[in-house]
Ligand SMILES: [Zn+2]
């Protein structure tokens with residue numbers, strides 16, 4: 001799982017590679033071929049580690065972008081949500097319920113807006129497809 005330490009790992013790998021490159025450039029004496037190969041291998045390893053860490057960082061940023069988009073959407077709708085019985089409804093400017101109801105458990109616990117659906121096995125119930133909370137449709141009508 002990517003986390004913010006991926007960025008620090010990438011920076012550390014790049015710094016190591018840069019330090020090795022500087023040391024090679026500033027070296028007065030001619031390096032033995034074996035020593036040069038060793039230093040280059042060390043630099044390649046540092047660059048590869050940095051690349052992996054950058055990929056992890058990219059994944060982290062993409063996941064955060066998705067979460068921000070989800071929260072923006074919820075923020076936009078939440079001002080127009082009204083709890084009714086065991087669900088939430090979107091309301092229009094006049095306060096009239098619009099659309100299908102959302103699961104109150106998912107909204108209140110995870111800020112997820114999940115529409116409840118009719119339970120195919122118990123037709124008189126609505127069920128949340130995410131958390132499986134059931135609601136008697138009589139309480140919604
Ligand atoms: Zn739910």
- Query: Based only on Cα atoms, what Rg/Rh ratio does the chain have, Rh being taken as Kirkwood's radius?
  - Reply: 1.41
- Arranged from highest to lowest average of other beta-carbon atoms within 10 Å per residue, in what order do the peptides 69-78, 85-94 appear? 85-94, 69-78
- Query: For the chain, what's the relative contact order in percent, using C-alpha pairs closer than 8 Å and at least 6 residues apart?
  - Reply: 16 percent
- Message: Eigenvalues of the Cα gyration tensor times 5, then square-rooted: what semi-axes does that give for region 5-72, in whole angstrom, largest first?
- Response: 37, 10, 6
- Task: Give the relative contact order (percent, whole number) for region 79-139; include only Cα pairs under 8 Å separated by 6+ residues.
- Result: 21 percent
- Item | Angle in degrees between helix 5-26 and the longest Cα principal axis of the chain, rounded to the nearest 10 | 20 degrees
- Item | Normalised alpha carbon radius of gyration of region 79-141 [divisor 2.2 N^0.38 Å] | 1.06
- How far is helix 33-78 tilted off the main Cα axis of the chain, in degrees rounded to 10, range 0 to 90? 20 degrees
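FYI, it's all coordinate maths here, none of it is from the lab. What you are looking at is a predicted structure, and each value in this text was computed from that prediction instead of being measured. Virtual Cβ from ideal backbone geometry, glycine too; neighbours counted across all protein chains shown.
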